[in-house]
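Let me begin by presenting the structure, written as structure tokens, before commenting on it.
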Amino acid sequence: MIPVVVLAGFLGSGKTTLLNHLLRTSGGTRIGVVVNDFGRINIDAFAVSAQVDSMVSLSNGCLCCAVDGTELDGMLAKLAAADLDVIVIEASGLAEPSALVRMVLQAPVVSYGGLIYVVDAV
């Protein structure tokens with residue numbers, strides 16, 4: 001099963017910057033991304049779309065609150081079918097990381113690969 005890594009942190013903490021760095025320096029690792037923008041304009045999705053092997057964007061709210069588990073399962077299944085090495089979920093800054101982790105743990109087509117929580121140290 002393909003591992004799913006949850007990338008979380010507060011608004012402006014550097015999640016998209018870290019994700020872009022991972023994508024630029026992937027060394028041939030095929031990375032799929034679920035980008036969870038909270039606003040009406042998918043700014044984070046635009047920032048990563050040119051660098052990613054396969055992407056799903058969700059802009060209708062916080063992934064852990066606005067999406068039921070079956071919808072996330074469908075997104076992850078779509079990405080898992082794309083012959084990727086890893087999937088990264090970039091959560092909204094409003095997301096609850098523990099809820100996202102529980103959703104990934106319950107997804108039937110992937111395995112939990114870990115949680116990266118970004119903190120702005122300034």
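The values are calculated or read from the model by the stated rules, or taken from the named source; none is laboratory data. As the structure is a prediction and not an experimental result, all values here were calculated from the model. Cβ coordinates were reconstructed from backbone atoms using ideal geometry, including for glycine residues, and neighbour counts include every protein chain displayed. When the accessible area is computed, the model is the full protein with side chains, heavy atoms only, and any ligands, DNA or RNA have been set aside. Shrake-Rupley method; radii C 1.70, N 1.55, O 1.52, S 1.80 Å.
Please determine whether any residue of the stretch 70-83 is farther than 24 Å from T25 by Cα and at pLDDT below 75. There is at least one residue in the stretch 70-83 that is farther than 24 Å from T25 by Cα and at pLDDT below 75. Taking the stated definitions as given, is V101 at pLDDT 85 or above, of a type in the set (A, V, I, L, M), under 14 Å from the mean Cα position of the chain (by Cα) and more than 18 Å from P3 (Cα to Cα)? No; evaluated as a whole, the condition is false for this residue. Among the criteria (1) modelled with pLDDT of 90 or more; (2) touching a Phe, Trp or Tyr at 6+ places or on another chain (Cβ under 8 Å), the one L115 does not fulfil is (2).
Report whether or not L79 is open to solvent by less than 10 Å² (accessible area, probe 1.4 Å), part of a helix (DSSP H, G or I) and of a type in the set (A, V, I, L, M, F, W, C). Yes; evaluated as a whole, the condition is true for this residue.
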